[in-house]
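Remarks on the structure that follows.
Nothing in this text is a laboratory measurement; each read-out follows from the coordinates by a stated rule. Keep in mind that this is a model prediction, so the values were computed, not measured. Counting neighbours? That spans all protein chains shown, and the Cβs are built from the backbone with ideal geometry, glycine included.
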Amino acid sequence: MKDTLVIRDLKAGIEGKEILRGINLTVRKGEIHAIMGPNGSGKSTLGLVIMGHPSYEVYGGEVIFNDRNLLDMEPHERAQAGLFLAFQHPLEIDGVRFSTFLWQAYSHRFGNGRKPDIIKFRKELRQWLKNLGLPENMTDRYLNVGFSGGEKKRAEIVQMAILKPEIAILDEIDSGLDIDAVRIVAENVKRIKQETGMGVILITHYQRILNYIVPDYVHVMVDGRIVEEGGPELAETLEKEGYARYGVAEEV
Amino acid sequence: MADRKEQEALLDFDYSKYGFKDEDAVYDFVSEPGLDEEKIKLISRLKGEPEWMTEIRLKAYRIFLEKPMPTWGVKLDDIDFDSIVYYARPTRKVADSWDEVPEYIRRTYERLGIPEAERKYLGGVEAQYDSEVVYSRMRKELEEKGILFMSMDEALKRYPELVRKYFGTVVPPSDNKFAALNTAVWSGGTFVYVPKGVKVDIPLQAYFRINLQNLGQFERTLIIAEEDSFVHYIEGCTAPIYDTHTLHAAVVEVIVKKGAHVRYTTIQNWSRNVLNLVTKRAVVEERGFMEWISGELGSGRNMKYPSSILRGRGARTDILSMSFANTGMHHDTGGKVIIMAPDCRATITSKSISKGGGISTYRGLVKVLPDAERARISVSCDALIMDEDSVSNTYPYIEIEADRVNIAHEAKVGKIGEDQVFYLMSRGLTEQEATTLIVMGFIEPLSKELPMEYAIELNRLIELEMEGSVG
């Protein structure tokens with residue numbers, strides 16, 4: 001199926017320990033899916049496995065995107081195919097300028113073997129930094145080095161805006177952000193979605209961000225399985241009742 | 001200045017082809033392998049040197065014979081001094097136009113991009129091919145300021161009193177076995193003299209090339225920066241790939257007078273069969289500033305510790321070095337600072353990368369003598385290890401005899417992070433591009449200190465070393 005990410009009975013884990021115990025999920029371009037669940041339910045693992053983190057092993061199932069089997073592809077091939085993961089904890093890379101790195105990624109995504117238009121790239125980058133409320137000199141700073149927690153999260157969104165994915169996975173994009181920052185990030189995610197028509201998988205523990213980015217579907221993940229699915233109203237129920245209804249002890 | 005794109009195009013040739021040799025090279029004179037006093041006298045006579053220099057050579061030769069081989073650092077016990085050719089002169093003339101340089105040599109330098117670099121962004125160029133300088137030229141406007149830039153041999157002919165005054169004062173032949181050998185058989189190298197208050201605003205470059213198999217290259221460089229002057233000197237080195245060892249044992253002496261500033265940059269890309277054993281040292285007077293910047297990419301076995309002796313109050317030095325030890329390579333590098341006067345500052349920054357079984361060793365000495373109160377010193381060595389087979393060692397020596405000294409020392413050894421590589425790959429970079437970018441970032445403190453053209457060259461060389469690193 002075109003423009004569709006299909007996950008079927010995906011089982012994966014680390015060093016023989018199964019974390020995902022059979023996940024089924026279909027995300028079309030233009031849709032917003034929220035994956036909610038308590039800590040340790042495997043939400044972040046799902047994002048990392050879809051993107052191809054080498055520490056995780058896949059024990060079964062499949063992940064198909066645009067009729068290609070993602071599990072046979074290297075992480076960079078998945079990215080070039082239009083997949084994007086906004087990291088919960090973006091990595092710091094010393095000595096590598098934000099713009100140098102992003103230009104290289106941009107060249108892969110849009111170059112078709114040739115150098116894309118650098119003027120256009122710079123213009124877009126400047127605009128998106130501004131949209132996210134980040135300083136222009138961010139481009140010359142080293143990738144995530146010395147960025148505050150909030151700056152890192154916003155910089156992930158800038159990267160996403162520049163790389164224009166088909167499907168974006170946002171892993172706890174609101175954690176560590178104050179309420180104004182959540183609003184800015186959410187507005188920009190919506191703007192990018194509007195401009196690109198991308199599909200979004202929003203991984204979150206709390207319902208808060210869903211007030212700003214209203215999902216089409218909500219999936220509740222507990223202990224490596226999706227245990228309940230519904231519309232945005234399900235998120236509101238969870239906000240009131242917590243995850244206790246799934247037999248999970250409430251965290252503070 | 002040309003823009004970056006142009007520079008990229010200029011440097012856009014295959015760096016893996018540094019290792020070529022000139023099959024059709026013709027020599028004016030090649031001495032028999034091995035060394036004795038007669039051979040030294042012959043070299044001195046062929047060069048038409050004054051008697052005092054012949055005496056210095058012979059004295060140094062006796063020191064060389066007596067001095068033991070260093071027992072530390074890289075493997076040295078297989079050097080066969082009898083099989084080395086100590087002197088090979090391609091031509092008798094130092095040309096000041098590339099048209100006058102023998103065709104096979106000109107071709108080599110053109111392949112290395114030197115004449116073009118000279119036209120675009122250098123103030124002067126000197127090219128040494130085996131034992132002799134074959135080309136030397138400086139821009140007229142620099143000449144008019146009284147700057148001297150020529151081969152050491154020529155300086156000895158034209159300015160014997162200057163050479164005699166400073167030669168061997170910073171690195172005496174008794175310093176170590178290879179400094180003694182260099183003093184005995186030195187040939188070529190650069191002489192730079194910058195008059196008081198003169199600032200040379202574009203770099204001067206020397207380019208050293210070894211072509212002949214079994215040749216030992218023993219250039220001798222002397223830089224004198226008079227009070228309040230500034231000069232940036234750059235050296236580059238390449239050689240063909242042979243299956244026998246080639247010895248490169250240079251001596252560099254730098255004199256930084258009151259308030260002067262010398263920046264000495266090296267991009268060393270010898271082929272792996274070259275043993276690089278060099279002694280580089282500067283004395284720095286009051287408020288003077290000596291910068292040593294080096295990128296060590298080539299040479300199978302490399303021992304190099306640029307040194308600064310801070311002799312005047314408020315003198316400063318920065319020693320910044322990067323070395324990349326790939327398969328079969330052993331780099332033993334670092335820096336040395338001796339502080340003799342109050343209020344001096346020194347920084348040593350070492351970045352090493354080991355890959356494919358390569359060995360990188362940092363060896364550094366900081367010595368603060370009793371008079372050197374209020375010295376401020378910072379030493380930092382970072383090692384990046386690319387795989388399980390590679391090795392990194394750190395030997396920092398610190399001796400402090402003065403009061404109120406502020407010293408910071410930091411050493412870090414890291415492996416290339418899987419999560420970092422994954423992060424970059426998740427944006428579309430291949431594994432090789434991701435690791436290369438991380439390595440480039442690691443050496444950024446060095447590359448940002450280089451003129452743009454050299455930073456690009458360094459990046460290209462690193463990309464080359466990183467090729468095929470991912471299975």
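Numbers below:
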{"item": "Per-selection Kirkwood Rh - the protein assembly as shown (Cα, Å, 1 d.p.)", "result": "28.6 Å"}
{"item": "Overall dimensions of the stretch A:103-252 by Cα: Rg and Dmax, Å", "result": "17.6, 55"}
{"item": "Cut-off under 5 Å, modelled amide H: who pairs with B:S308 long-range", "result": "B:A282, B:K336, B:V337, B:I338"}
{"item": "Footprinting exposure proxy for B:D332, A:D94 (fewest neighbouring C-beta atoms within 10 Å first)", "result": "A:D94, B:D332"}
{"item": "Mean residue ellipticity (222 nm) of chain B, computed from DSSP H runs ≥ 4 via -39,500 (n - 2.57), nearest 500", "result": "-7000 deg cm²/dmol"}
{"item": "Pairwise centroid distance, computed over Cα atoms, of the stretch B:312-335 with the stretch B:356-419, Å", "result": "10 Å"}
{"item": "With Cα atoms, 0 to 90° folded angle of helix A:179-196 axis to chain A main axis", "result": "80 degrees"}
{"item": "Per residue convex hull volume, Cα atoms of chain A, in Å³", "result": "129 Å³"}
{"item": "Crossing angle, helix A:118-131 versus chain A [Cα axis fit, 0-90 degrees, rounded to tens]", "result": "50 degrees"}
{"item": "Karplus (6.51, -1.76, 1.60) ³J(HN,Hα), θ = phi - 60°, over the stretch B:224-239, in Hz, Gly and Pro reported as x", "result": "10, 10, 6, 3, 6, 9, 9, 8, 10, 10, 10, 10, x, 9, 9, 7"}
{"item": "Neighbourhood net charge (11 Å Cβ-Cβ; Lys/Arg +1, Asp/Glu -1) for B:S307", "result": "+3"}
{"item": "19 Å Cα cut-off, lysine pairs counted over the stretch B:245-351 (separation 8 or more, or different chains)", "result": "7"}
{"item": "Rounded FRET efficiency, nearest 0.05, which uses the C-beta distance separating B:E373 from B:E32 and R0 of 41 Å", "result": "0.15"}
{"item": "Tilt relative to chain A, helix A:98-110 - C-alpha long axis, 0 to 90 degrees, to 10", "result": "80 degrees"}
{"item": "Karplus-derived 3J(HN,Hα), 6.51/-1.76/1.60, for each residue of the stretch B:325-333, Hz, glycine and proline x", "result": "9, 9, 3, x, 10, 9, 9, 10, 9"}
{"item": "The stretch A:27-74 versus the stretch B:152-195: alpha-carbon centroid distance in Å", "result": "67 Å"}
{"item": "Sequence-distant residues sharing a close amide H with A:L85 (under 5 Å, placed H)", "result": "A:I169"}
{"item": "Shape call, the stretch B:50-206: gyration tensor on alpha carbons, a/c limit 1.5", "result": "prolate"}
{"item": "Filter on B:K120/B:K199; A:K11/B:K415; A:K17/A:K43; A:K120/A:K152; A:K120/A:K164 - keep pairs with C-alpha separation over 26 Å", "result": "A:K11/B:K415"}
{"item": "DSSP H segments from chain B that extend 18 Å or more along their own axis, Cα-based, with Kyte-Doolittle mean of -1.0 or above", "result": "B:51-66, B:452-466"}
{"item": "11 Å beta-carbon shell around A:Q88, net charge (K/R +1, D/E -1)", "result": "-1"}
{"item": "Fewest-first ranking of B:L446, B:L464, B:L424, A:L48, using other Cβ atoms within 10 Å as the exposure measure", "result": "B:L464, B:L446, A:L48, B:L424"}
{"item": "For the stretch A:55-63, Karplus couplings with θ = phi - 60° (6.51, -1.76, 1.60), whole Hz, Gly/Pro x", "result": "6, 9, 10, 9, 9, x, x, 8, 10"}
{"item": "Amide H contacts under 5 Å for B:S380, placed H, 5+ residues apart", "result": "B:I348, B:T349, B:S350, B:E410"}
{"item": "Residue-count net charge about B:L320 - beta-carbon cut-off 11 Å; Lys, Arg +1, Asp, Glu -1", "result": "0"}
{"item": "For A:Y212, B:Y86, order by how many other beta-carbon atoms lie within 10 Å, fewest first", "result": "A:Y212, B:Y86"}
{"item": "Rounded, prolate or oblate (a/c below 1.5 giving rounded, otherwise prolate when a/b exceeds b/c) for chain B by Cα gyration tensor", "result": "rounded"}
{"item": "Distance from the stretch A:140-190 to the stretch B:78-99 (C-alpha centre basis), Å", "result": "60 Å"}
{"item": "Within straight-line cross-link reach of B:K59, aspartates and glutamates at Cα separation under 14 Å, skipping those fewer than 8 residues along the same chain", "result": "B:D36, B:E37, B:E38, B:E51, B:D175"}
